[in-house]
Amino acid sequence: MSRRFLPLLLALFAASGCAALIYEVVWLQLLQLVIGSSAVSMGVLLGTYMGGMCLGSIAMPRMVSARRHPLRVYALIEAGIGIFGIAVLFGVPHVSRLYGAIGLPGILLRGAVSAVCLLPPTALMGASLPAIARWVRATPRGVSWLGLLYGANIAGAVFGCLLAGFYLLRLYDMAVATYAAAALNGVVALIAAVWAVRTPAAGAVRSQVLPLRGAWPVYAAIALSGLCALGAEVVWTRLLSLLLGATVYTFSIILAVFLIGLGIGSGAGSFLARRVTPRIALGVCQALAAAAVAWAAFTIVNSVPYWRISAAHFQNRWFRFGFDVLRSAWAILPAALLWGASFPLALASAASRRQDPSRLVGRTYAANTAGAIAGAVGFSLVLIPWVGTQQSERVLMGLAGLAAMLALAGRRWGLRAGAALAASIAVVVWLGWRVPPVPWMMIAYGRRMTTETAAGRPLYVHEGVNSSIAVSEPGDGQRYFHVSGKVEATTESYDMRLQRMLGHIPALLHSNPQSVLVVGFGAGVTAGSFVLYPEVRRIVICEIERAIPPATSRYFGAENYGVLRDPRTTMVYDDARHYVLTTRDKFDIITSDPIHPWVKGTSTLYSAEYFELCKRHLNPGGVIAQWVPLYESDLETVKSELATFFRVFPNGTIWGNDNGGEGYDMVLLAQAGPANIDVDALEQRLSSAGHGPVQKSLRDVGFWSAVGILSTYAGRGSDLEPWLAHAQINNDLNLRLQYLAGMGLDSYNAPGIYAELLGVRRFPEGLFTGSGERMAELRSALGAQ
């Protein structure tokens, strides 16, 4: 290949990388709707995605003859990726219906769905670099060009990551993002095809196949490099998302910074491959990567949390995003640079003049990707929940050191070189010993860890498969339950009232509730509310993190009435949407314990399609309740939540919970069938012999009568239509809520939002019935509110 072709080829690979990352973001988001968003589901998705790329990189040199023009092969691959990209977009909804009909939840079924959807396009993605590699020779110059192509592909991926996360999906939806990516594939395929016609096929290199022989340590080293890179990304994404907030924007920022490091590092490695001994440089990169892991561990704990910006800048969301980019880069960029440089150096280390460059690239890429699969799955599902992030970072340092030794294996060492190697090992061991633990305040309060003044002391801290959790005691006799940097439940009066409302209001408005589904265990208070009802025979609780129920039951057992040990309780450890999709059971009540909508992935539990799923799983007369926070939110986000719920349940109602007399959060409620609330009958039911514990539970949170409960009424869908006229609907195709909520995360106008809602509320004629005295009392209570 002539040097004059290099700029255009770099541009094509950058466009291809941009499309690939758009697809990755869309496909992982799209398939989570089907197989769930638990760590197991994500492990299956990532394993399948990268496994397809690994398969394609190995298979392409074996299945495609070297006589075929590399550009023509590349054009066909890009066209195929675009076709499959659109096919996945239209095919997943049909897969979803089939998947739900099968009703056999399990990792094999999730893996089969992922494989059917992802293996064909990802195999083509993995084949693209080996395909074009036949246009270069396996020489230092040729290999350096391959490293530049790899770097250009990653540079495009950075742009694709940011384009998808901050523009295409924020303003449009997954369909528009897919069409944009497919258009890029089409343009690349067209240019490559025209270029192939105008460029002789003789430009392709025909080389023989060489056995691995002495190259196996290089492949082993680059496999460990990939393992460390993806393992570190898993660890650091979990830690940085605590500090930056676990929004879709945070995940896009972290991924983009990591890819920037890989891209710049790949370009630097391509430059070095022609000027130094590649294998020594590869070993040095891996040794330095071990030190870079230590750097990230220290900075994430001791530096990044203490970076401050002014209040004015903090309110500017785009300035804040830029600030988060800088904080992420400060911690993780050094290691990413070194892992990026390792790939072209590994190519140069394993290259031979007589070798088929396509097989060289295929083997190196496959080894790196296979290691990446092991790192992503192993650290997320095994190491972090087993030994925690601190020990995981120590494992990363040890594996990076092992990769360095493999890369340098077989060389003769003089006294000075041997002493330098021994000193390097000693430094890595010392740094590993000094890696700091994650402070419990980071797990408990996340981005507010440096400003929280009433933190108290930790009672329990654990890093689970899906979430990091903590239980703390501020010192005033209260207890707080934390999940991944945010407070999820407390024994404070306002929180206890909300948790009880999510259980008691639907249980009281249903005439005879016998089966209940609770989405999210939390502190167990919502689920525990149903224990008090003698008519309830079955309580199913769906919780994504296995560590939560036993931990919170230990510290909130009195508040949740020992629901975990109740013989009527069934625990299901799964993503709630996946459970509702696959179960054939129906329920009298479906209620959700608090799940913050700004957390990445949770908007699937606020979508119109999810509410339709729940509606189909309600028995006649069944009731659904959904939590909506007003704090850490803005008006646009709240309106989207309400409008989406009322789209499915037009006669739904809103019930408000206050904190110090001001709006704080709300419960959305709807019934399958006509809704009519008899105030007298409700009062009579509360006073009946079997419901004494229910009455006491309500009085504990300030509700002394049926009128007291009903006075929290804050509106209904039919009355709020004008107010919600321009609200955005959160559906599966756009998942708009997570983008809106992510932007409004640091808004603090809960009282104002609630006041505006009450300003358009009217007394719901026809909803409440009862004696004149009680109706007058209710009207008075609502008027006072």
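Among the residues of segment 195-202, is there at least one that is surrounded by 24 or more Cβ atoms within 10 Å (Cβ to Cβ), in a helix (DSSP H, G or I) and either at pLDDT below 95 or of a type outside the set (Ser, Thr, Tyr) (or both)? No. Give the residues of segment 747-766 that are outside any helix (DSSP H, G or I) and buried (at least 16 other Cβ atoms within 10 Å of the Cβ), sorted by residue number. 747, 749, 761, 764, listed by residue number.
Checked against (1) open to solvent by 10 Å² or more (accessible area, probe 1.4 Å); (2) more than 30 Å from the chain's Cα centre (by Cα); (3) β-branched (Val, Ile, Thr), residue 309 passes all but condition (2). For the condition open to solvent by 60 Å² or more (accessible area, probe 1.4 Å) and of a type in the set (S, T, N, Q), residue 478 does not qualify. With the structure loaded, tell me whether residue 298 is over 21 Å from the mean Cα position of the chain (by Cα), modelled with pLDDT under 95, open to solvent by 30 Å² or more (accessible area, probe 1.4 Å) and on the phi < 0 side of the Ramachandran plot or whether it fails that test. So residue 298 does not fit the description; no. Which residue pairs have Cβ atoms under 6 Å apart, sit 6 or more places apart or on different chains, and have a first residue in segment 518-539 that is within 12 Å of residue 508 (Cα to Cα) and a second that is in a loop (DSSP other than H, G, I, E, B) and open to solvent by less than 10 Å² (accessible area, probe 1.4 Å)? Between residues of segment 518-539 that are within 12 Å of residue 508 (Cα to Cα) and residues that are in a loop (DSSP other than H, G, I, E, B) and open to solvent by less than 10 Å² (accessible area, probe 1.4 Å), the close pairs are 530/536; 536/513. All conditions in (1) part of a helix (DSSP H, G or I); (2) within 21 Å of the chain's Cα centre (by Cα); (3) surrounded by 24 or more Cβ atoms within 10 Å (Cβ to Cβ) hold for residue 320, with the sole exception of (3). Of all residues in segment 60-91, those satisfying the criterion of being touching a residue at least 60 places away in the same chain (Cβ under 8 Å), open to solvent by less than 80 Å² (accessible area, probe 1.4 Å) and in a loop (DSSP other than H, G, I, E, B) are 64, 66, 69. The set of residues from segment 216-245 being out of contact with any strand residue (DSSP E or B) (no Cβ under 8 Å at 6 or more places or on another chain) and farther than 30 Å from residue 405 by Cβ comprises 241, 243, 244, 245.
Out of the residues in segment 44-59 that are among the small types (Gly, Ala, Ser) and open to solvent by less than 10 Å² (accessible area, probe 1.4 Å), state the one that is nearest to residue 595 (Cα to Cα).
52
Among the residues making up segment 260-295, those that are touching a residue at least 12 places away in the same chain (Cβ under 8 Å) and either of a type in the set (Lys, Arg) or more than 21 Å from residue 399 (Cα to Cα) (or both) are 260, 263, 264, 267, 268, 270, 271, 272, 273, 274, 279.
Here residue 141 passes the criteria (1) of a type in the set (Lys, Arg); (2) within 22 Å of residue 740 (Cα to Cα); (3) modelled with pLDDT under 90 except the one numbered (2). Answer yes or no: is there a residue in segment 720-733 that is part of a helix (DSSP H, G or I) and open to solvent by less than 50 Å² (accessible area, probe 1.4 Å). There is no residue in segment 720-733 that is part of a helix (DSSP H, G or I) and open to solvent by less than 50 Å² (accessible area, probe 1.4 Å). A single entry from 578, 596 fulfils the requirement of being open to solvent by less than 10 Å² (accessible area, probe 1.4 Å), at pLDDT below 95, touching a Lys or Arg at 6+ places or on another chain (Cβ under 7 Å) and at negative phi: 596. Before we move on, is residue 611 at pLDDT 95 or above, among the aromatic types (Phe, Trp, Tyr), open to solvent by less than 30 Å² (accessible area, probe 1.4 Å) and within 20 Å of residue 96 (Cβ to Cβ)? Considered against the rule, which asks whether it is at pLDDT 95 or above, among the aromatic types (Phe, Trp, Tyr), open to solvent by less than 30 Å² (accessible area, probe 1.4 Å) and within 20 Å of residue 96 (Cβ to Cβ), residue 611 comes out as yes. Of the listed requirements (1) open to solvent by less than 20 Å² (accessible area, probe 1.4 Å); (2) of a type outside the set (A, V, I, L, M, F, W, C); (3) closer than 30 Å to residue 532 by Cβ; (4) part of a loop (DSSP other than H, G, I, E, B), residue 673 misses just one: (1). The single condition from (1) out of contact with any Leu (no Cβ under 9 Å at 6 or more places or on another chain); (2) modelled with pLDDT under 90; (3) not charged (D, E, K, R) that residue 408 fails is (1).
Considering only residues in segment 544-554 that are within 23 Å of residue 41 (Cα to Cα) and free of Cβ contacts under 8 Å to residues at least 40 places away in the same chain, the one that is most open to solvent (accessible area, probe 1.4 Å) turns out to be 550.
The values are calculated or read from the model by the stated rules, or taken from the named source; none is laboratory data. Everything numeric here is computed off the predicted structure, so don't read it as measured data. All Cβ positions, glycine included, derive from the backbone under ideal geometry; neighbour counts span all protein chains shown. For the accessible areas, the whole protein counts, side chains as well, though only heavy atoms, and no ligand, DNA or RNA atoms are used. Shrake-Rupley method; radii C 1.70, N 1.55, O 1.52, S 1.80 Å.
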